[in-house]
Amino acid sequence: MLRRKKKKSGGSASVEAELPAIDFKPKAEDKQAEQGVLIACRGLEQFPAAVILLAQAVDTRADQVLMDFSQQGAAVRFRVDGMWEAMPPMDRATGDGTLAIYKRLAGLNPQDRRNRQKGSFGIKYKGVDWISKVASQGIPTGERVLLRLETKKPVLNTLADLGMREKMQTQLKALLNSEDAMFLFSGAPGHALPTTWRIGLESADRFVRDFHSIQDVSADEPELINITQHTYDSSAGETPMTVLKSLLLKQPDALVFPELKDPEVVGLMCGEVSEEHRYMITKVQAASAVEGLFKLLGTHKKQAKELLKICCGVLNQRLVRRLCPDCRVPFQPSPQLLQKLGIPAGRVKQLYQPFIPPPPEQRVDENGKPIEIEICAKCNGRGYYGRAALFELLVIDDEIRKAVLSKPDPAHVTAVAKQRGFLTFQEEGVLAVATGMTSLQELQRVLSNKK
Ligand SMILES: [Zn+2]
């Protein structure tokens with residue numbers, strides 16, 4: 001049996017004993033095969049490097065690890081709170097061995113460095129179960145590998161966890177529990193639409209009403225309590241119609257369409273919602289709530305009027321980094337700045353900015369003598385810790401419908417909506433800045449980047 005050696009200063013303690021305690025759960029047919037994979041991986045010289053990289057990733061809260069292989073070695077990057085950070089590169093042998101271990105754990109072929117491969121394996125680290133999804137693909141200069149780390153149990157479970165204001169939560173729930181209507185979730189890629197979708201659906205009242213979801217069998221949709229999933233197989237030529245007609249005979253209250261593409265389904269559902277008092281929920285990719293509405297209407301031009309009639313609201317979200325609560329720096333905003341932000345004078349005494357320590361070579365005084373700068377232990381000098389979503393909730397009433405029909409232009413509809421109390425990301429963002437949740441720099445970064 002392996003015995004954990006005591007840490008000695010300067011001694012040649014065994015590397016094995018110093019390794020972070022990660023339990024691997026390889027992708028394998030049975031327990032015996034799992035054991036075989038584990039023994040083979042542990043036997044590789046690069047096993048410690050593979051363990052340390054994963055532990056570092058989890059410890060720094062990275063949700064993605066990118067390894068770029070070239071002749072020289074492997075460049076390694078971590079994605080923390082949506083931002084890529086370069087890590088020390090690995091030499092070729094260490095990188096190759098580490099990748100071979102991840103591939104074996106994920107049930108992939110370590111020898112194949114060219115074809116696209118996808119798999120996953122489980123890890124348990126510090127009492128938490130993680131799924132590590134591996135995707136590899138040969139590229140002209142070598143091979144590119146993306147490791148995605150997800151907790152097995154979702155960490156975010158409520159609208160408040162996502163950062164939604166209380167008043168908006170109430171508004172959203174009312175819309176999700178209305179009748180004879182359709183609600184639309186939307187979001188740009190990389191801005192947590194899948195998470196908002198899951199939590200949003202869970203916020204609808206599925207106990208009183210009967211919820212059914214209709215989705216492609218290959219769609220990666222979460223299983224939710226009290227929503228019955230019905231699948232069709234588009235690769236076999238099936239459409240939602242395959243299951244929808246028989247489902248409608250059972251008089252369901254609410255229907256969830258993760259994807260709404262089929263015109264026949266849209267036509268049928270518009271009638272079902274307005275005449276049979278059903279409720280419908282779907283989602284599209286879009287960078288704002290107004291854009292989401294136009295995208296839906298633009299995709300279904302023939303049924304646009306009917307869709308607009310039943311659509312009661314659109315939600316959209318954008319992720320911003322939260323300022324680190326331990327090291328954020330307060331400052332007094334000038335009256336001009338407050339005016340520019342539209343914050344009434346006297347409302348906010350201070351705003352906050354991140355503390356980003358200067359790079360090591362600049363940590364010197366005027367005489368060139370090194371000075372100690374304390375690096376925040378919580379955020380490790382990033383200035384930010386975790387992310388939250390800003391939300392746009394567009395409530396669609398008859399005035400908005402009129403605006404869309406009279407002048408189908410997003411800027412016009414946004415202007416009419418704003419008169420009716422709609423807050424755009426800009427205004428929602430200023431609220432988040434005013435409370436010190438995020439910084440002005442971060443808001444500008446996120447709003448200037450449409451993706
Ligand atoms: Zn900090």
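For helix 47-59, report the angle its Cα long axis makes with the longest principal axis of the Cα atoms of the chain; keep it between 0 and 90° and round to the nearest 10°. That works out to roughly 40 degrees. Classification of the range 192-261 by its C-alpha gyration tensor yields an oblate form. The axis ratio a/c (a ≥ b ≥ c) is 1.5 or more, and b/c is at least a/b.
Each Lys and Arg contributes +1 and each Asp and Glu -1, all at the Cβ; summed about the Cα centre of the range 19-151, the dipole is approximately 260 debye. At full extension, residue 361 and residue 261 could sit 30.5 nm farther apart than now, given 0.36 nm per residue minus the alpha carbon distance.
Measuring from each cysteine beta-carbon in the chain, the ones with no other cysteine beta-carbon under 4.7 angstrom are 41, 270, 311, 312. Full extension of the segment from residue 378 to residue 209, taken as 0.36 nm per residue of separation minus the current Cα-Cα distance, would add 56.4 nm. When 437, 269 are sorted by how many other C-beta atoms sit within 10 angstrom of their C-beta, beginning with the fewest, the order is 437, 269.
Distance between the modelled labels on residue 225 and residue 153, one decimal in nanometres: 1.3 nm (7 Å Cα→Cβ projection).
So what is the relative contact order of the range 19-151, in percent, for Cα pairs below 8 Å that sit 6 or more residues apart? Please report the intermediate quantities before stating the final value.
On the way: 270 pairs, mean separation 35.3, N = 133.
Averaging sequence separation for qualifying contacts and normalising by length gives 27 percent for the range 19-151.
Projecting label points 7 angstrom from Cα along Cα→Cβ for residue 418 and residue 21 puts them 5.6 nm apart.
Overall form of the chain: oblate. Here a/c, set by the Cα gyration tensor axes a ≥ b ≥ c, is 1.5 or more, and a/b is not larger than b/c.
Treat the count of other C-beta atoms within 10 Å as a stand-in for reagent exposure and order 173, 369 from fewest to most.
Fewest to most other Cβ atoms nearby, the residues stand as 369, 173.
Using the alpha-carbon centroid of each, what span in Å lies between the range 424-443 and the range 339-405? Centre-to-centre (Cα) distance: 7 Å. What you get for the chain, charging only the Cβ of Lys and Arg (+1) and of Asp and Glu (-1), is a dipole of about 1100 debye around the Cα centre. Between the Cα long axis of helix 425-434 and the first principal axis of the chain there is an angle of about 60°, rounded to the nearest 10. Considering only 60, 80, 32, the residue lying farthest towards the positive end of the dipole of the range 19-151 is 32, judged by Cα position with unit charges set on Cβ. Decide, for the range 168-228, between rounded, prolate and oblate: order the square roots of the alpha carbon gyration tensor eigenvalues as a ≥ b ≥ c, take rounded if a/c falls under 1.5, and otherwise choose prolate if a/b is larger than b/c, else oblate. It comes out oblate by the Cα gyration axes. On a C-alpha basis, how far is the centre of the range 164-191 from the centre of the range 200-255 in Å? Whole number, if you could? Between the Cα centre of the range 164-191 and that of the range 200-255, the gap is 19 Å. Bridge orientation summary for the chain: considering DSSP beta bridges with both residues in this region, about 70 percent are antiparallel. Straightening the chain between residue 218 and residue 60 buys 53.6 nm, computed as 0.36 nm per residue apart minus the Cα-Cα spacing. Pairs of Cα atoms nearer than 8 Å and 6+ residues apart set the relative contact order; for the chain it is 12 percent. Which FRET efficiency value, to the nearest 0.05, do you get for residue 238 and residue 347 by plugging their Cβ-Cβ distance into 1/(1 + (r/R0)^6) with R0 = 60 Å? Taking R0 as 60 Å, the efficiency between residue 238 and residue 347 is 0.60. Between the listed residues 142, 330, 303, the Cα displaced farthest toward the positive end of the dipole of the chain, a dipole computed from Cβ unit charges relative to the Cα centre, is found at 330. With each label modelled as a point 7 angstrom along the Cα→C-beta vector, the residue 141-residue 111 pair spans 2.8 nm. Per-residue ellipticity at 222 nm, computed for the chain from helices alone with -39500 (n - 2.57) per DSSP H run of at least four residues, works out to -10000 deg cm²/dmol.
All of the numbers you see were taken from the coordinates with simple rules; none came from a lab. Bear in mind that the values here come from a model prediction, so they are computed numbers and not experimental data. Glycine also receives a Cβ, built like all others from the backbone with ideal geometry; neighbour counts cover every protein chain displayed.
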